[in-house]
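Down below is the structure, laid out as structure tokens.
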Amino acid sequence: MTRLDSLVAYPIKSLDGVTVEQAALGPNGVLHGDRSYALVEAGVDPETASVGGDGGYVNGKSEPAIHRLRASYELAGPADATPTAVTLERPATGDVTADTATFTLPEERDALAAWVGAYLGYAVDLVRDPGGFPDDRAAPGPTVTSVGTLVAVASWFDAVADGHEIRRRFRPNIVLADCPAFFEDQLFADHGAAVRFTVGDTTVLGVNPCQRCVVPSRHPDTGEQLENFRTRFVERRRETRPSWTETDRFDHDFRLMVNTVVPEASWGQVIEVDDPVRVDGAVSFDG
């Protein structure tokens, strides 16, 4: 039976993730603590900022230097990825020396922002929202892919080491196992519908295939661009798309993973590694 192989939370949006054994589904159905903090340009309102790389959020779309920051975390609890402290490492750049620093959160978030801003060369704020800062605000639940998919995509690129590197490039929350590559492509349907599936006893709705951006084309440690990444990806994705992706949600081939919505009745439930995954089928969905 298909099962949950790994769970990854990203306590600070666009920085390193952390693998956890279990996760509670918090407000809006996000993994509790996932992307609960984000870096924005100083003075920007995160509610109106763009996640698309054209101003507002300081993320991999807008700022390649963010890839070179390393982050590790102390978390609030075994099922809560909210960071209580973060240790950051930055490389030397310009007049800024290489450095490692630890900040407690939320108390030292202004100090963290100043430290990151010194590295980037402009002022930033570290903002917080317990509901998280997902890219897809209409489908903010955990993103889903599979081990087979990550291994398959890694094989398309000679310069990519393995499926683990592809996971770090694409940044999913849930990775499934004991299923074929692109299994998750059956977890969405036409507009007006979603695909209901369960993780353990928790109901999740698969809504749409995730539209990708420039981030997966960059090395997750260096930010170095992989030449012709999008062209190669689109060619191979078109060749390997399962028949069930022929829906009006799959309008181009630069898509991977599935965005989800978690029904309010499932908020607060806990999912964990090795939970069985069962696909129930399409249901009506206004979104």
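Against the list (1) at pLDDT 95 or above; (2) surrounded by 17 or more Cβ atoms within 10 Å (Cβ to Cβ), the condition ARG3 fails is (2). Quick one: in segment 161-176, which of the residues that are open to solvent by 10 Å² or more (accessible area, probe 1.4 Å) and not charged (D, E, K, R) is farthest from the chain's Cα centre (by Cα)? Only one residue fits best here, namely ALA161.
Here is a yes/no grid of residues against (1) open to solvent by less than 40 Å² (accessible area, probe 1.4 Å); (2) touching a Ser or Thr at 6+ places or on another chain (Cβ under 9 Å); (3) under 21 Å from GLY148 (Cα atoms); (4) outside any helix (DSSP H, G or I):
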{"residue": "GLU184", "(1), (2), (3), (4)": "yes, yes, yes, no"}
{"residue": "PRO209", "(1), (2), (3), (4)": "yes, yes, yes, yes"}
{"residue": "PRO216", "(1), (2), (3), (4)": "yes, no, yes, no"}
{"residue": "ARG237", "(1), (2), (3), (4)": "yes, no, yes, no"}
{"residue": "ARG249", "(1), (2), (3), (4)": "yes, no, no, yes"}
{"residue": "LEU256", "(1), (2), (3), (4)": "yes, yes, yes, yes"}
{"residue": "GLY268", "(1), (2), (3), (4)": "no, no, no, yes"}
{"residue": "ALA282", "(1), (2), (3), (4)": "no, no, no, yes"}
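Would it be correct to say that PRO220 is surrounded by 15 or more Cβ atoms within 10 Å (Cβ to Cβ) and outside any loop (DSSP other than H, G, I, E, B)? Here the answer is no, as PRO220 does not meet what is asked.
Within segment 1-33, the set of residues being of a type in the set (D, E, K, R) and either closer than 21 Å to PHE197 by Cα or without any contact (Cβ under 8 Å) to a residue 40 or more places away in the chain (or both) comprises ARG3, ASP5, GLU21. Scan segment 14-33 for residues that are open to solvent by 10 Å² or more (accessible area, probe 1.4 Å) and closer than 24 Å to TYR119 by Cβ and the total you get is 4.
Being small (Gly, Ala, Ser), free of Cβ contacts under 8 Å to residues at least 40 places away in the same chain and under 30 Å from VAL273 (Cβ atoms) is the filter here; which residues of segment 102-145 pass it?
Here is the first cut: in segment 102-145, the residues small (Gly, Ala, Ser) are 111, 113-114, 117-118, 121, 123, 131-132, 138-139, 141.
The next check asks that each one be free of Cβ contacts under 8 Å to residues at least 40 places away in the same chain; those that pass are 111, 114, 118, 121.
Matches in segment 102-145: none.
Candidates PRO134, PRO180, PRO130: the one that is open to solvent by 50 Å² or more (accessible area, probe 1.4 Å), modelled with pLDDT under 95 and touching a Gly at 6+ places or on another chain (Cβ under 9 Å) is PRO130. Figure legend. Inter-residue proximity from segment 165-176: first residues closer than 17 Å to SER155 by Cβ, second residues among the polar types (S, T, N, Q) and open to solvent by 10 Å² or more (accessible area, probe 1.4 Å), beta-carbon distance below 6 Å, spacing 6+ or different chains. Indicated pairs: VAL175/SER6.
Listed here are the residues, each with its yes/no results for (1) over 20 Å from the mean Cα position of the chain (by Cα); (2) surrounded by fewer than 17 Cβ atoms within 10 Å (Cβ to Cβ).
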position	(1), (2)
HIS67	no, no
TYR73	no, no
ASP80	no, no
PRO83	no, no
ARG90	yes, no
THR93	yes, yes
PRO106	yes, yes
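Evaluated against (1) crowded, with 16+ Cβ neighbours inside 10 Å; (2) without any contact (Cβ under 8 Å) to a residue 12 or more places away in the chain, ALA98 falls short on exactly one condition, (1).
Scanning segment 140-152 for residues that are buried (at least 24 other Cβ atoms within 10 Å of the Cβ) and within 24 Å of GLY33 (Cα to Cα) yields a total of 6.
The residue that is farthest from PRO140 (Cα to Cα), among those in segment 34-54 that are surrounded by fewer than 17 Cβ atoms within 10 Å (Cβ to Cβ) and free of Cβ contacts under 8 Å to residues at least 60 places away in the same chain, is ASP54. Residues in segment 11-39 that are of a type in the set (Gly, Ala, Ser) and part of a strand (DSSP E or B): ALA23, ALA24, ALA38.
If only residues of segment 190-207 that are touching a Gly at 6+ places or on another chain (Cβ under 8 Å) and more than 13 Å from ASN259 (Cβ to Cβ) are counted, the one that is least open to solvent (accessible area, probe 1.4 Å) is PHE197.
The values are calculated or read from the model by the stated rules, or taken from the named source; none is laboratory data. What you are looking at is a predicted structure, and each value in this text was computed from that prediction instead of being measured. Don't worry about glycine lacking a Cβ; one is built from the backbone with ideal geometry, like all the others, and counts go over all protein chains shown. Surface accessibility is based on the protein's heavy atoms, side chains included, excluding ligands, DNA and RNA. Shrake-Rupley method; radii C 1.70, N 1.55, O 1.52, S 1.80 Å.
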